[in-house]
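See below for the structure under consideration.
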Amino acid sequence: MYDAYDVVVIGGGAAGLSAGLVLGRSRRRVLVVDAGEPRNAPAAHMQGYLSRDGMPPAQFLAEGRRELARYGVEMVPGRVVEVAPDGDGEFDVRLADGGAVHARRVVMATGLVDELPPVPGVAERWGRDVLHCPYCHGWEVRDQAFGVLAPEPFAGHQALLLTQWSKDVTLFLHTVRELPDAEWERLAAAGVSVVEGEVAGLETEDDRLTGVRLADGRFFPRSVLFIAAKPVPRDDLLTALGAQTKDTPAGPYPAVDEAGRTTVPGVWAVGNAAGPTEQVINAASAGYRAGLLINAELVMADIETKAARRRAGVFSPRLEAAVARTVAKGGQG
């Protein structure tokens, strides 16, 4: 016999820890399995989280784990390789190390992977001076010389948005062969410089980005490069369960309702596992919301099971009331 839990949370980022916190405080037996691959690991700090603005991501997660431990939530490092329905509406969860547990409900908080463009230097500088989100990093690099390397269909949009943080913005079209006339007009009105030609790589000096080199040899000094990475959900477990997906501008993602329920009964997806644009604070909110509703669902399921058992036996409301009165009087009928 292996361990049985009310809820197994797969993923120990903001969304998974938040779900675990709410469920632990609801007196649920919870296991969080964490592969240790948070999306924001390359970043030195996280921004935009009220009361935690500027905190290093690793510190944020460590504090979250300490909070969960106070409520008896179990956390183990590892990777889940299979979630299998048990035929009774619950799940057997198998880990890569050969261990297995049982779960009444499963929360997928597995996040996503940012696929970077295959430009030399981009992966090495990722999260440092090669960035993707102005809301995450724009303030810290404000007024510097920005470059933008973004594939279709976001080639112009990201460059236009970034003019809020710097007036020195250059868009490198790279593999984009043409832009609509209206896009050229907006870029010109915003003061964005546009460079045609494929980017060959990035150049650095003293471990800092110094500029962008094109295939034809031209060099453009830049201090920061923004890119539009392709966010790919870690959805192998959901796919194996037959969960439906929905189309997004970033590609297919698990189809969930406003609370995070997937199309597989008993399985929830939260944070970046359910959408490409969730910031840390949004992911934590999604995990919290899912935890509330999972607990309520389990409470009602347990009550309905008890009610069904009573219905299956001989049940008299009048007799039940009489017994209750007797107990209340200390056994004096």
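Here is how the numbers come out for the structure above:
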| read-out | value |
| --- | --- |
| Cβ-Cβ under 6 Å pairs, at least 6 apart or on other chains, region 182-194 side among the small types (Gly, Ala, Ser), far side assigned to a helix (DSSP H, G or I) | Ala190/Leu160 |
| The listed residue being open to solvent by 20 Å² or more (accessible area, probe 1.4 Å), free of Cβ contacts under 8 Å to residues at least 40 places away in the same chain and under 29 Å from Gly138 (Cβ atoms), out of Asp236, Asp257, Asp216, Asp247 | Asp247 |
| Residue match in region 30-41 (condition: surrounded by fewer than 16 Cβ atoms within 10 Å (Cβ to Cβ) and over 15 Å from the mean Cα position of the chain (by Cα)) | no |
| Which listed residue is at pLDDT 95 or above, in contact with a helix residue (DSSP H, G or I) (Cβ under 8 Å, 6 or more places away or on another chain) and within 19 Å of Ala250 (Cβ to Cβ), from Leu171, Leu187, Leu131 | Leu131 |
| Residue among Val270, Val264, Val299 that alone is open to solvent by 40 Å² or more (accessible area, probe 1.4 Å) and either among the hydrophobic types (A, V, I, L, M, F, W, C) or at pLDDT 95 or above (or both) | Val299 |
| Checking Ser26 against (1) within 22 Å of His102 (Cβ to Cβ); (2) buried (at least 22 other Cβ atoms within 10 Å of the Cβ), the condition it does not meet | (2) |
| Of all residues in region 190-201 being open to solvent by less than 30 Å² (accessible area, probe 1.4 Å) and in a strand (DSSP E or B), the one that is nearest to Val119 (Cα to Cα) | Gly201 |
| Any hit, region 19-33, residues being of a type in the set (Val, Ile, Thr), assigned to a helix (DSSP H, G or I) and in contact (Cβ under 8 Å) with a residue 24 or more places away in the chain | yes |
| Residue match in region 90-103 (condition: over 15 Å from Ala4 (Cα atoms) and buried (at least 16 other Cβ atoms within 10 Å of the Cβ)) | no |
| Selection within region 211-231 - at pLDDT 95 or above and either assigned to a loop (DSSP other than H, G, I, E, B) or under 14 Å from Gly275 (Cα atoms) (or both) | Ala215, Asp216, Gly217, Arg218, Arg222, Ser223 |
| Matching residues in region 53-91 - criterion: being free of Cβ contacts under 8 Å to residues at least 12 places away in the same chain and either assigned to a helix (DSSP H, G or I) or closer than 19 Å to His137 by Cβ (or both) | Asp53, Gly54, Met55, Gln59, Ala62, Glu63, Arg66, Ala69 |
| Residue in region 42-60 that is least open to solvent (accessible area, probe 1.4 Å), counting only those that are small (Gly, Ala, Ser) and within 26 Å of Met108 (Cβ to Cβ) | Ala43 |
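The values are calculated or read from the model by the stated rules, or taken from the named source; none is laboratory data. Note that this is a predicted model, so its numbers are computed, not measured. Quick reminder, even Gly has a Cβ in these numbers, built from the backbone with ideal geometry, and neighbours come from all protein chains shown. Side chains included, ligands, DNA and RNA excluded: accessible areas come from the protein's heavy atoms. Shrake-Rupley method; radii C 1.70, N 1.55, O 1.52, S 1.80 Å.
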